[in-house]
Amino acid sequence: MLFDNCAQCQRCCNIDPGYPSLEVTLTAQERKVHGSICIETRCELLGDKGCTLGSKKPLSCEIYPLSYDPKTRTFLFDQDCPLMPEYQRQLDEPGSEALAHLSRITEAVHLHEKIDPKFLRSNFAIDNDYFDLQPLVTASVPKEGTR
């Protein structure tokens with residue numbers, strides 16, 4: 001499975017020495033639940049098998065290794081994520097895990113464009129500053145209702 005390696009890698013949940021802490025961008029709803037989540041060196045919500053929040057992890061974490069640019073309405077990816085070559089390859093495979101992830105994230109992005117556009121802008125600003133972003137092969141977000 002594509003994302004099975006994440007529990008072992010955990011690169012996105014750890015901060016390398018010498019880098020500033022990372023404030024995880026939270027949606028308005030997530031801020032009500034979590035207040036804030038800041039990764040100083042290692043995310044405090046990280047367990048041996050990945051995020052202890054499971055399906056309740058923050059949307060910004062769920063989006064990763066992608067990043068969404070709300071101005072251009074395109075997805076980019078973190079070049080440092082070891083999943084990306086396989087993720088991009090799977091985008092050409094109907095029913096793949098990568099396509100399912102992109103579809104789920106696209107739906108969430110469409111929703112947040114309406115209910116919490118500030119989250120999308122803030123998340124992209126942090127991603128753009130923190131990660132080495134490159135264009136995703138399937139870079140355009142499908143328009144609502146066209147899937």
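The values are calculated or read from the model by the stated rules, or taken from the named source; none is laboratory data. As the structure is a prediction and not an experimental result, all values here were calculated from the model. Quick reminder, even Gly has a Cβ in these numbers, built from the backbone with ideal geometry, and neighbours come from all protein chains shown.
If the condition is being surrounded by fewer than 11 Cβ atoms within 10 Å (Cβ to Cβ) and within 27 Å of Ser103 (Cα to Cα), then segment 9-35 contributes only Lys32. Of all residues in segment 11-35, those that are in contact (Cβ under 8 Å) with a residue 12 or more places away in the chain and closer than 16 Å to Phe124 by Cβ have Cβ atoms under 9 Å from Cβ atoms of residues that are surrounded by fewer than 16 Cβ atoms within 10 Å (Cβ to Cβ) and polar (S, T, N, Q), 6 or more apart or on another chain, in Glu23/Ser36; Val24/Ser36; Leu26/Ser36.
Working only within segment 92-117, note down all residues that are outside any helix (DSSP H, G or I) and farther than 18 Å from Asp69 by Cβ. Before the answer, list the steps.
First, the residues of segment 92-117 that are outside any helix (DSSP H, G or I): 92-96, 116.
The answer is Asp92, Glu93, Pro94, Gly95, Ser96.
Each residue in segment 46-61 was checked for being crowded, with 16+ Cβ neighbours inside 10 Å and in contact (Cβ under 8 Å) with a residue 24 or more places away in the chain, and 7 of them qualify. Only one entry of Leu76, Leu26 meets the criterion of being assigned to a loop (DSSP other than H, G, I, E, B) and among the aliphatic types (A, V, I, L, M), and that entry is Leu26. Gln88 fulfils the conditions (1) surrounded by fewer than 16 Cβ atoms within 10 Å (Cβ to Cβ); (2) at pLDDT below 95; (3) not in a helix (DSSP H, G or I) except for a single criterion, (3). When Ala139, Ala125 are screened for being of a type in the set (Gly, Ala, Ser) and at pLDDT 95 or above, only Ala125 passes.
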